[in-house]
Amino acid sequence: MKLITATTYEEMCQKAARVLAAQITLKPQSVLGLATGSTPIGIYQELVREYQEGKLNFSQVTTVNLDEYLGLSPENNQSYRYFMNQHLFNKVNIPKENTHVPNGQPQNPQEECRQYEELLAAVGPVDIQLLGIGNNGHIGFNEPCGHFPEFTHVVNLSESTIQANSRFFAHSSQVPRQAVSMGIGTIMKAKKILLVASGQGKAQIVYDMMFGPVTPQVPASLLRFHPDVTVFADQEAGALALAALSK
Ligand code: GLP
């Protein structure tokens, strides 16, 4: 696991976006695994800017997103499908049919999970998977629990995630209690993983992920067993990990 720090959030996003831009340029038919949350927004802005400047072409790119809230329609402005359309898909020339986000309103959630795994197997392997990290170490919506979930599954969101994500909703009671998420095993199949973290609030969990025990209580810690993970952190989020590395 490699750590790349940046002075500011903007610089961190530029660095991570460059890796994605290089991937798309070298392999126009790339499969990108994408993430939501506030941290990747600056990366999507960079990619949109490069597209507008004529430097990037998304016409053959395929994307698969990590997760979706259960109960929210694609038109709901809190859904992850809506987020991706707003921040990236509507702003670049990617064909909508090449963009995949789990269905938040499936008739049968278990069946949706199975079908999403099938889809991933059909379009994959993912060339680069982008990840954020939750305050409790979750990636996608893989919450701390007794095991590392292997496949796409239905998740009961933890109280801490509901509270953390309530900043995007009018009230915490409106935060869905369940989601569909790729499993940790699904995420680990990507050829290359970029994890982005920003702000002081992420410093401890970035340290725990990199130096603490590998445990399902810190789901992101399993990434240490992946051969190609780069953590991009701004100065605040990377502070504790950087101090440990320079000891
Ligand atoms: C949500 C998403 C995660 C994301 C996390 C952190 O829970 N499911 O994929 O990493 O939020 O979000 P932020 O980047 O806003 O801290």
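The rows are residues; the columns are (1) of a type in the set (Phe, Trp, Tyr); (2) touching a residue at least 24 places away in the same chain (Cβ under 8 Å); (3) more than 25 Å from Pro213 (Cα to Cα).
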{"position": "Asn136", "(1), (2), (3)": "no, yes, no"}
{"position": "Gly140", "(1), (2), (3)": "no, yes, no"}
{"position": "Cys145", "(1), (2), (3)": "no, yes, no"}
{"position": "Pro149", "(1), (2), (3)": "no, yes, no"}
{"position": "Val154", "(1), (2), (3)": "no, yes, yes"}
{"position": "Glu159", "(1), (2), (3)": "no, no, no"}
{"position": "Ala164", "(1), (2), (3)": "no, yes, no"}
{"position": "Phe169", "(1), (2), (3)": "yes, yes, yes"}
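Are any residues in segment 164-181 part of a helix (DSSP H, G or I), within 19 Å of the chain's Cα centre (by Cα) and not aliphatic (A, V, I, L, M), and if so, which ones?
Selection gives Asn165, Ser166, Arg167, Phe168.
Rundown of residues vs (1) within 16 Å of the ligand (Cβ to nearest atom); (2) closer than 20 Å to Tyr82 by Cα; (3) in contact with a Cys (Cβ under 9 Å, 6 or more places away or on another chain), yes/no style:
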{"position": "Asn98", "(1), (2), (3)": "no, yes, no"}
{"position": "Val101", "(1), (2), (3)": "yes, yes, no"}
{"position": "Glu117", "(1), (2), (3)": "no, no, no"}
{"position": "Leu130", "(1), (2), (3)": "yes, yes, no"}
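Could you check segment 161-193 and list, in sequence order, the residues that are within 8 Å of the ligand (Cβ to nearest atom) and closer than 19 Å to His100 by Cβ?
Answer for segment 161-193, where residues must be within 8 Å of the ligand (Cβ to nearest atom) and closer than 19 Å to His100 by Cβ: Ala179, Ser181.
Go through (1) surrounded by 22 or more Cβ atoms within 10 Å (Cβ to Cβ); (2) under 21 Å from Lys96 (Cβ atoms) and name the single condition Thr39 misses.
The single condition Thr39 does not satisfy is (2).
Within 13 Å of the ligand (Cβ to nearest atom) and touching a Ser or Thr at 6+ places or on another chain (Cβ under 6 Å): does that describe Val196?
yes
Answer with yes or no whether Ser158 is crowded, with 21+ Cβ neighbours inside 10 Å, small (Gly, Ala, Ser) and either within 12 Å of the ligand (Cβ to nearest atom) or closer than 28 Å to Ala22 by Cα (or both).
So Ser158 does not fit the description; no.
Could you give me the residue pairs with C-beta distances under 6 Å whose first residue belongs to segment 104-117 and is farther than 7 Å from Val180 by Cβ, whose second residue is part of a helix (DSSP H, G or I) wherever it lies, and which are 6+ apart or on separate chains?
Filtered contacts from segment 104-117: Pro106/Glu112.
Laboratory data are not the source of any read-out in this text; all were calculated from the coordinates shown. Quick caveat, the model's predicted, so the values are computed rather than measured. All Cβ positions, glycine included, derive from the backbone under ideal geometry; neighbour counts span all protein chains shown.
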